[in-house]
Amino acid sequence: MKKTILILGIATAFIFSSCEPNNNTTAPDSYIATFNSRIDTVRDFAADTAIIAFGAAGPQYAGKYSFYSLENDSMVPRLDSNTTKWDIAFSGTIILVNNTISGPGNGGGFVYSGLYNSLTGVPKDSVIKTDVSVPNNCAIPWGSGNGWYNYSGQTYLVNPIPGRVLVIRTASGKYAKVEIMNYYIGGVTPDASETLNEKVAKQRYYTFRYSLSN
Amino acid sequence: MRKILSFLLFIIFVKQGIAQKDSSVLKQSTLDEIVVTSTRTETKLSNVAVPTTIINQKTIQQAGSLRLKDILQEQAGLNIINNGFGQGVQMQGLSSDYTIILLNGQPLVGRTSGVLDLNRIGINNIKKIEIVKGPSSSLYGSEAMAGVINIITDNNFKSTSEIGIRYGFGNAEKNWILPADKAAAKNFDFNFSGATQINKTGIHFSSDAYYVDAVSIRPYSSQLAVQPIWRLTNQLILNQKLSARTSIDLNIRNSYDYLKQDFAVSNLGAVSTSYGRETNNDLNIYPSITHVFNSKIKSSLKLYATKYSGIQKLYFVEKPDSTYSDEFYQNYYRVENQTDFNFKKNRLTVGAGYNIDEARSSRYDNVSSNKQNTIVSLFTQNEWNPSEKLTVIAGLRYDNNKLFASAFSPKLAIRYKINDIISLNASIGRGFKAPDFRQLFLNFTNNAAGGYSVFGSIDAIKIIQQLQQLGLINQLTSDYIKLSSLKPEFSTGINIGGNVNLHNNLTFNFNLFRNDIENLIDVKQVASRTSGTQIFSYINVKRAYTQGFELEATSKINQQLSFSTGYQLIITADKDELENIRNGKVYTRDLDGTVRLLKESEYIGLSNRSKHMGNVKLTYNNNKFFATGRLIYKSHWYLNDINGNGLLDNNDESSKGFLLLNFSAGKQINDFLSVKIGIDNATNYQDKNYLPSLQCRTIYFSTNIKFK
C-alpha cells in the first residue's frame, strides 16, 4: 500500500485564520469540540482491493477492512481490529467507526453537509450515531446518495459527494472532520469512457483529508 | 466519390442561376395540406391551432429514408436518442416514453424500458407522417404527453405496381471505400407494392425487406460489433364501399425483425464469447366501418388489435448450458366509436373506447402470468369558428384505468388569423402517461451484482410484506410509504406560436413552449434485506420542466429550388434539484479538487438534451430530376454526473456537438424507371462513446420500376 501524508497545516492555518479570525473563539459554548486548523491528507489508502474472483458476475472481493488511526496518522494492522487503536475503517464504500458492533472503542459519527473549511467545530446539538448493523445502519450511511458518495449505474463510477464532511468520534472520544476526496488510485477518477475493467482495477483507493479536534 | 459530391454541389448552386421564375406555380403552399392528427378530423393545416408538421411521401422518398428514425432525425426539434434499448424520439425535451406513435391513428405497442425503437418501423409505402407537438392526451390518452407521431399509410387504390431495389455500403474504418471492399458494411432493401380497384373493393399491398450490417459499440468498451439486422414489413389495406355513405376499411400490417449480435467480452483477461439473437414480431389488425348519416353527422366504429413479441436470447460459448432469455409479449385490443357533428360554426367530436392492454414477460414474476389493464375512455372536442379569423378548440378526455388512478386531460387551443400574412395560435393542455407494466410488475433480482432487486410498485408491496413475515427485511426507507398508489405522470403544456407568410415563397413558423411535469416516476430504494441487499421500486417522486422555442423558415427561391431551416432551443430542469441549488444545498468539485457551492447558472438540467439543434435543407426539383442536401446539427449534451453531487452541472461528463450531412439525388428516366443515389453521413462523423449506433458514411443506389 502506498501512503503519503502531506501536511498543509501552516499555509492553511494562515489563510483560515485570516478569513475567519474569531470563528473558534466567539461561541465556544455552542461546540462539543473545535477542530484544529492542521490538515492531514492520506492518499491511496487501499480498502479491500484484492479481487478473489471475476466472472460474468463482476468482481468479488474478500470483504476485508483496512483500519486507520486518525490520532496517530497511521494505518492499523488488521490484527488490531478488536482494539481501540483504530478510529475509522474502510471496505469498498463501507465506512465504519470504532463502536458497538464494529469495535470496542467509543467511536461514532455523522455526515455534515457543507464545506470542510466552514465546519469549525462539532455543534452541541449534533446527533452522533454509532454502527448498528453493517452495512445498512452505520454511523456513516452506506449506499449511493445516502452518505458520502454517489454511484452511477451508467458509468460504474463512485464519486464522493462534494460538500459532505464526515464527523468522526475517535476510539478515545476525540473528534475529527474527514473529507473523502477520491475513491480511485492516484486520487483521479477514471474518465467515464474508460472500460469497466480499467475502472475496477483503479477503485477502492481512498484519498481523504482530516483535522482533529483541539 | 469526391466527384459525386462536387457534382451535387454543382447542381445545387449552379442550376439555381439558370432556373426560371414562375410565380403563378408558387401559390400552392404547404398550408393547404389536410391533417388528421391535430383534431382527429380532417382539417386544413392552415386552420390547425396546435404545432403540427407534415412530412409527405415525396420528402421521405427524396431523403432516401427507410426507417422512421431516418426521417425524424432530419426534423428540427426532434432528437433521436439511443438509450441502449433502441432509438426513441425526444420531443420538446421530453423522453421518448412520452410521445405516442400511431399507425393510422392507432397506437403501436412493444416498448422496452419506455422506448419504442423507431428502427422497427419501416416507412416504405406510406402517404405521410404527421407530427403534433404539445400535450395531446385530450384526444389520444396515455403517452401523448410531449406529442403525437402518426404514420399514415398509402391507401390509394389506383391500379399500379412498383418494385424498388436499393443497395448501400460503407466502412467505418476507412475514409472512402470501394464497393468491392470486403469489410464494407452493406445494406440492402427490396420493396414491392401493388394496388388495384375491383368493383367496389380497393386493395393495396406492400412488402419491404431490409438488411443492414448495423454497427454497434458497447458503451465504455469501444468494442465494435457488426450487427446484422433483417427487417420485413408486409401491409395490406382493403376498402369496401358498401354504399355511397358507408365503407369498410381493413388495415393489416406485420413487421418482423431478426437481429444478430455476436461479441467477445474480456473481464480482466477472462474472455467470454456470446451470441445474441433477437426477434421482434409486430402484428396490427385494424378494421373500421364509417357511415355518413348526412352532411352533418359522420360516425365510425373502429376495432383494433395489436400483438407484439420481443424475444432476446444470449448464448455463451464458454457456458453452453446457461442461456439467457428475455421474453416480452404485449397484446392491445380496442373498440372505439367516434362521431363527428358539423353545425354552422361548430364541429363537435365525441367518442368512447374500451381498451384491454395485457403483457407477460420473463422480466415479471412468471413469464406465463398475464398482466392486464382495462381502460375505459371518453372524449369530446368542440371546434368553434365564430368568424373566418378565429378558431377555438376545447377538448376533454377521461381515462379510467383498472390498475391505477384515472386521468382527466383537458385542452384549449385558439388560432387567430390577423391577416393573410400573420396568424397566431396558443394552446394549453394536460398530458399524461400511465405507469407501464414494467413499473407495476417488474421482478428483477441482479444476483450477478450483489443481489439487489427492482420490483414493480404493485409487486413490491406484496413481496416486501412476505419478506417481513419471514423476518428477512432489515429496514424500510422513508420512500416505502409512497409505494401504495402509483399515479400517472402528468404534464401541463403551453404552446404559443404562429406563422408568417411573406409573398407565398417565404414562410416562418415559430413556437414557444413550456411543459411542467409532475409525478415523474423514478426508481428509489424502498427497503433493505437483513442480508444487506437493497430493494428498489418505482415511485412518483420527481418534478421537472422543459421549455424552449422552435423556429422554422422555408423559402422557395424559385420554381425549382427551395430552402428550409429549423432551430430549437431547449432548457430543462429537475425542479427539486433546482430548488436544492437555490437553497444552497448543492456543491460541486472543480477539476483541481476544490469543493464549492454550485451556482444556478452552472446547472444543466436533464441528461441527454442538446440545448441547440438545427437543420438546413436545400432541395432542387424539376420534373425529371431532384437533388437535396441536408445538414443536421446537435450541440453537446450532458450524460452523467461525475463530480458526485448527483445532478448535472457543467463540470460533468458531456459529449461533443456534431454535424451530419446527407445528400441524395434522383432522376426519372422514363415513365417506368427512376434511379436515385445518396450519401448518408457524408463527413463520416463517428463518436464511439456517445453515438454508438450512428452509421458510418453510407453510399447507396436505388432503382424503382413502376407499372401502370
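The values are calculated or read from the model by the stated rules, or taken from the named source; none is laboratory data. The structure displayed is predicted, hence computed values, not measured ones. Because the Cβ atoms are built from the backbone with ideal geometry, glycine has one as well, and the counts that use them run over all protein chains shown. Accessible surface areas use protein heavy atoms only, side chains included; no ligands, DNA or RNA. Shrake-Rupley method; radii C 1.70, N 1.55, O 1.52, S 1.80 Å.
Checking the cross-link filter: which aspartates and glutamates have an alpha carbon closer than 16 Å to that of B:Lys186, excluding same-chain neighbours under 8 positions apart?
Of all the aspartates and glutamates, those that pass the test against B:Lys186 - Cα under 16 Å, at least 8 places apart if same chain - are B:Glu173, B:Asp213, B:Asp680.
Summing both sides, how much accessible area is buried between A and B? Use a 1.4 Å probe and give Å² to the nearest 100. Could you put the intermediate results ahead of the total?
On the way: alone 10360 and 32050 Å², together 40060 Å².
Counting both chains, the buried surface is close to 2400 Å².
For a test of understanding, tell me how many lysine pairs in the range B:474-557 have Cα atoms under 14 Å apart, given they are 8 or more places apart or on different chains. Spell out each step's value before the answer.
Values: B:Lys482/B:Lys524; B:Lys482/B:Lys542; B:Lys487/B:Lys542; B:Lys524/B:Lys542.
Lysine pairs satisfying the spacing and distance rule in the range B:474-557 number 4.
With only Lys, Arg, Asp and Glu charged, each at its Cβ (+1 for the first two, -1 for the last two), find how big the charge dipole of the protein assembly as shown is about the Cα centre; round to the nearest 20 debye. If you can, show how the numbers build up before the last one.
Working: 95 positive and 74 negative charges, 489 e Å.
With only Lys, Arg, Asp and Glu charged at Cβ, the dipole is about 2340 debye.
Can you tell me the relative contact order of chain B? Whole percent, Cα pairs under 8 Å, sequence separation 6 or more. Don't skip to the answer; put the middle values down first.
Numbers: 1884 pairs, mean separation 81.4, N = 708.
Relative contact order comes out at 11 percent.
Report the dimensions of the range B:589-684 along its three principal axes from the alpha-carbon atoms, largest first, rounded to Å.
Its Cα atoms span 70, 22, 18 Å along the three principal axes.
So what are the three principal axis dimensions of the protein assembly as shown from its Cα atoms, in whole Å, longest to shortest?
Over the protein assembly as shown, Cα extents along the principal axes are 97, 61, 60 Å.
Within 10 Å of each Cβ in A:188-196, how many Cβ atoms from other chains are there, averaged over the peptide?
Partner Cβ neighbours, averaged per residue: 5.
Which value, in debye to the nearest 20, gives the size of the charge dipole of chain B about its Cα centre, when Lys and Arg are +1 and Asp and Glu are -1 at the Cβ?
Values: 78 positive and 59 negative charges, 386 e Å.
Roughly 1860 debye for chain B.
From the backbone phi of the range B:375-382, what are the Karplus-calculated ³J(HN,Hα) couplings (6.51 cos²θ - 1.76 cosθ + 1.60, θ = phi - 60°) in whole Hz, Gly and Pro given as x?
Once rounded to whole Hz, the list reads 10, 9, 10, 10, 9, 8, 8, 10.
Considering only A:Val76, B:Ile421, B:Leu139, whose Cα is most displaced toward the positive end of the charge dipole of the protein assembly as shown, charges sitting on Cβ of Lys, Arg (+1) and Asp, Glu (-1)?
Most positive-ward Cα: B:Ile421.
For the range A:5-212, what's the relative contact order in percent, using C-alpha pairs closer than 8 Å and at least 6 residues apart?
23 percent
Which lysines does B:Lys307 reach when only Cα atoms under 17 Å apart count, and residues fewer than 8 places away in its own chain are ignored?
B:Lys371
Would you list, by chain and number, the aspartates and glutamates whose Cα falls below 16 Å from the Cα of B:Lys417, excluding same-chain residues fewer than 8 positions away?
Leaving aside aspartates and glutamates fewer than 8 places away in the same chain, those within reach of B:Lys417 are B:Asp32, B:Glu383, B:Glu388.
Once the piece of chain linking B:Gln469 and B:Asp687 is laid out straight, how much longer is it, given 0.36 nm per residue of separation minus the C-alpha distance between them?
Working: separation 218, 0.36 × 218 = 78.48 nm, distance 5.14 nm.
That works out to 73.3 nm of additional length.
So if I restrict to the alpha-carbon atoms in the range A:5-212, what is the Rg, and what is Dmax, the biggest pairwise distance, in Å?
Gyration radius and largest Cα-Cα distance of the range A:5-212: 17.3, 58 Å.
Dipole of chain B (Lys/Arg Cβ +1, Asp/Glu Cβ -1, origin at the Cα centre): which of B:Ile55, B:Ser322, B:Leu648 lies farthest to the positive side?
B:Ile55
Taking R0 as 35 Å, what FRET efficiency do you get between B:Val675 and B:Phe508 from their Cβ-Cβ distance, rounded to the nearest 0.05? Mind showing how you got there, number by number?
Details: r = 35 Å, r/R0 = 1.01.
Result of the calculation: an efficiency of 0.50.
Gap in Å between the Cα centre of the range B:414-432 and the Cα centre of the range B:257-327?
39 Å
Could you tally the net charge around B:Lys617, taking each other residue with its Cβ under 10 Å from the Cβ of B:Lys617, Lys/Arg +1 and Asp/Glu -1? Intermediate values should be presented prior to the final figure.
Numbers: positive: B:Arg630; negative: B:Glu74.
Computed value for this residue: 0.
For the peptides B:313-319, B:484-490, what is the packing order when you average, over each peptide's residues, the other Cβ atoms within 10 Å and list the highest mean first? Please report the intermediate quantities before stating the final value.
Working: B:313-319: 13.9, B:484-490: 18.4.
Peptide ranking by packing, descending: B:484-490, B:313-319.
Among B:Tyr452, B:Ile311, B:Leu512, flag the residue with its Cα farthest along the positive direction of the charge dipole of chain B, charges on Cβ as +1 for Lys/Arg and -1 for Asp/Glu.
About the Cα centre, the residue reaching furthest to the positive side is B:Leu512.
So if R0 is 60 Å, what FRET efficiency would A:Asn72 and B:Thr323 give, r being the distance between their Cβ atoms, rounded to the nearest 0.05? Let's see the in-between values first.
Numbers: r = 55 Å, r/R0 = 0.92.
It comes to 0.60.
Ignoring ligands, DNA and RNA, what percent of the 1.4 Å accessible area of the protein assembly as shown is carbon and sulfur?
Ligands and nucleic acids excluded, carbon and sulfur give 56 percent.
List, in the order given, every pair from B:Lys133/B:Lys617; B:Lys133/B:Lys411; A:Lys129/A:Lys199; B:Lys44/B:Lys345; B:Lys433/B:Lys575 whose Cα-Cα distance in the structure shown is over 24 Å. Please report the intermediate quantities before stating the final value.
Working: B:Lys133/B:Lys617 21 Å; B:Lys133/B:Lys411 13 Å; A:Lys129/A:Lys199 32 Å; B:Lys44/B:Lys345 16 Å; B:Lys433/B:Lys575 19 Å.
Among B:Lys133/B:Lys617; B:Lys133/B:Lys411; A:Lys129/A:Lys199; B:Lys44/B:Lys345; B:Lys433/B:Lys575, the Cα-Cα distance tops 24 Å for A:Lys129/A:Lys199.
Highest mean first, how do A:74-84, B:84-94 rank when packing is the count of other Cβ atoms within 10 Å averaged over residues? All intermediate terms of the calculation are to be shown ahead of the outcome.
Values: A:74-84: 14.4, B:84-94: 23.8.
Ranking the peptides A:74-84, B:84-94 by packing returns B:84-94, A:74-84.
If you place +1 on the Cβ of every Lys and Arg and -1 on the Cβ of every Asp and Glu, how big does the dipole about the Cα centre of the range A:5-212 come out, in debye to the nearest 20? Spell out each step's value before the answer.
Values: 15 positive and 15 negative charges, 39 e Å.
Dipole of the range A:5-212, to the nearest 20 debye: 180 debye.
Given the Cα-Cα distance of B:Ile356 and B:Asp32 and 0.36 nm per residue of separation, how much length would full extension add, in nm?
Values: separation 324, 0.36 × 324 = 116.64 nm, distance 3.75 nm.
Result for the pair: 112.9 nm of gain on full extension.
Determine the shielding of peptide A:111-124 by partner chains: average, over its residues, the number of Cβ atoms on other chains within 10 angstrom of each Cβ.
1
So how far, in whole Å, is the C-alpha centre of the range B:335-386 from the one of the range B:610-639?
36 Å
Note down the net charge around A:Pro190, summing +1 for each Lys or Arg and -1 for each Asp or Glu among other residues with Cβ under 14 Å from its Cβ. Write out the running numbers ahead of the final one.
Numbers: positive: A:Lys199, A:Lys202, A:Arg204; negative: A:Asp191, A:Glu194, A:Glu198, B:Glu653.
Around A:Pro190, the charge tally is -1.
Tell me, how many Å apart are the Cα centres for the range B:484-520 and for the range B:554-571?
Their Cα centres are 20 Å away from one another.
Could you tell me the calculated FRET efficiency between B:Gln57 and B:Ser387, based on Cβ-Cβ distance and R0 = 45 angstrom, to the nearest 0.05? Intermediate values should be presented prior to the final figure.
Numbers: r = 35 Å, r/R0 = 0.77.
After rounding, the FRET efficiency stands at 0.85.
Stretched out fully, how many nm does the piece from B:Ser368 to B:Ser299 gain, at 0.36 nm a residue minus the Cα gap? Don't skip to the answer; put the middle values down first.
Details: separation 69, 0.36 × 69 = 24.84 nm, distance 3.92 nm.
Here the answer is 20.9 nm.
Indicate the gyration tensor shape class of chain B (rounded, prolate or oblate), computed on the Cα atoms with a ≥ b ≥ c the square roots of the eigenvalues: a/c under 1.5 is rounded; otherwise a/b larger than b/c is prolate and the rest oblate. Walk me through the intermediate numbers first.
Details: a/c = 1.41, a/b = 1.22, b/c = 1.15.
Rounded, because the longest to shortest axis ratio a/c is under 1.5.
How much space per residue, in cubic angstrom, does the convex hull of the C-alpha atoms of the range A:142-214 take up? Could you put the intermediate results ahead of the total?
Working: hull volume 7.3 nm³, N = 73.
In the range A:142-214, the Cα hull volume divided by residue count equals 99 Å³.
List the residue ranges in chain B for DSSP H helices whose C-alpha atoms run 18 angstrom or more along the long axis and whose Kyte-Doolittle average is -1.0 or above.
Numbers: long enough: B:2-18 (24 Å, 1.47); B:457-469 (19 Å, 0.11).
Membrane-span-like by this rule: B:2-18, B:457-469.
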